Structure formats: structure tokens, C-alpha cells
Amino acid sequence: MRLTVVYDWNGTLLDDAGAFTTSINAVLTHFKLAEIDVDTLRAVCEFPFSRLYEKLGLPSAAQENDNELFFGSYQPLAAASRLRVGAERALEAFKDAADVLILSNHIESLIREHIALLGVESKIAHILAYASRESQYQGFTKGEMLDRYMREQNISPQRTVIVGDTPEEVGIARSLGLTSVAMTGGMASETRLRDAGADHVVRDHNELLTVLKRENLL
């Protein structure tokens, strides 16, 4: 049976931790709070945004103005962001050996535009994400979206690997019986990823390939 590789998008495939931090700082500056660096972000980052904003001491008004403040800064920065180190090599390696899915809290149309811009759309079998900002974090969670899709497609949990940069993906793997690979350098610190109980922790996509081959998954 073919391997299924489930990738998170932001911070895992897309190298946008810097863009994300800059845009969070745009919100903090607007509300006259001190800016943070990427290491601080990785220590506290959590989704949905309301949880992150609460940790950063932002008022409820920040959530109400999120589209204008955060996305107004983030979108042009993200549009210029590239794939993370080794991602293109990994996607090429998966071409004949695995089905690659993207599972994201982001907006599906924006992901599709970006993977087309990066020239990797043919290497992605399916995208599980939200239809719009209005529907973001509403209805199904990432884990529920993936669970439903796997059941519909009769995908084996034993042959499925989820790759992400936050504890959220580790939790999804645990609940669905998947293998979890946590990638540092995204939106969460290595300490948080290890504390979450990831099966494997890697620095980039090159190390991901090494782990999958070592575990006879690829």
C-alpha cells in the first residue's frame, strides 16, 4: 500500500515563520504592545488566533480586526515566501512512492495559488483547508477534516505520516493512529515539539526523507 504523507502548510512546507512574526508584530504595534522575536513566537504560538492573542496580552478587539491588521501585513510577505529547505527534493521523492496531502488552517484558494506559483501543484494530491476567512476555524477542525477524508478514501493510518511544525499535528497523529514527524524551524520550539510526544523530530525535509527511509516507510 502506498504511503500517504500529510503536510501542514505554514511553517512546514512554506518557509513563512519570519513573515508570520512580522505580521504578529504589526498587530502588537497597533495595540501599543512590545514586539516579539521568532523564538518568543515559537514558545507561545497556538491556533486559533484568539488563543495566541490572549497569550500575547492582546485585547479582544485584536481578534475583531485580525483580517485587516494581520493579513494585511502577512499576505504580501507570504506571497514572497519559498518552500523550506529540502521540500522540493522531498516532493520529488514522494512522486512515485507516496500520495501527498496538505492539511491546513489556512485558506485553500491561497494555498492553491501559492503551490502553483512555486510550480509544485502537480506533486500535491489533495488540499484539506478552509474555504474562506469567514469559515476559518469554524465547523471541522484539522483533525476532523483529515479523519473524514481518510475514511472516505480508505487510507490506512499505519501507512500515513503527518509532518508539521506545531504540537497540533502531533496531537492529530496520536488521535488517528498516524506516525508524527515534527519539524523545527516553524511556529513552535523544539522543546514544545518534543514535549508533545512526536514520534520523530527533524530540522528539515532532507532529514524527513532520512527518517522515512530508516523506518522503512519510504
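The values are calculated or read from the model by the stated rules, or taken from the named source; none is laboratory data. Just so we're clear, the structure is a prediction, and the values are computed from it rather than from any experiment. Reconstructed Cβ throughout: ideal geometry from the backbone, glycine too, with neighbour counts over all protein chains shown.
For this structure, a couple of remarks:
- Count of residues meeting criterion [of a type in the set (A, V, I, L, M) and under 30 Å from ILE124 (Cα atoms)] in segment 11-43: 7
- Qualifying residue in segment 130-138 (condition: among the aromatic types (Phe, Trp, Tyr) and over 16 Å from the mean Cα position of the chain (by Cα)): no
- Within segment 195-218, tally of residues that are under 15 Å from GLU168 (Cβ atoms) and of a type in the set (Lys, Arg): 0
- Subset of segment 58-108 that is of a type in the set (Lys, Arg) and touching a His at 6+ places or on another chain (Cβ under 9 Å) - its residue that is surrounded by the fewest Cβ atoms within 10 Å (Cβ to Cβ): ARG89
- In segment 26-40 there is at least one residue that is acidic (Asp, Glu) and free of Cβ contacts under 8 Å to residues at least 60 places away in the same chain.
- The criterion of at least 3 residues that are assigned by TED's automatic domain parsing to the domain that holds ARG89 and touching a residue at least 40 places away in the same chain (Cβ under 8 Å) is met by the following strands (runs of 3 or more DSSP E) wholly inside segment 100-209: 160-164.
- Residue within segment 21-37 that is modelled with pLDDT of 95 or more, closer than 29 Å to LEU208 by Cα and in contact with a Lys or Arg (Cβ under 7 Å, 6 or more places away or on another chain) present: no
- Per the conditions (1) farther than 26 Å from ILE127 by Cα; (2) modelled with pLDDT under 95; (3) in contact with a helix residue (DSSP H, G or I) (Cβ under 8 Å, 6 or more places away or on another chain), the sole criterion not satisfied by PHE47 is (1).
- Per the conditions (1) within 21 Å of GLU92 (Cα to Cα); (2) among the basic types (Lys, Arg); (3) modelled with pLDDT under 95, the sole criterion not satisfied by ARG133 is (1).
- Within segment 84-99, residues that are farther than 10 Å from LEU208 by Cβ sit with their Cβ atoms under 6 Å from residues that are of a type in the set (A, V, I, L, M) and surrounded by fewer than 16 Cβ atoms within 10 Å (Cβ to Cβ), at 6+ positions apart or across chains, in these pairs: ASP99/ALA125.
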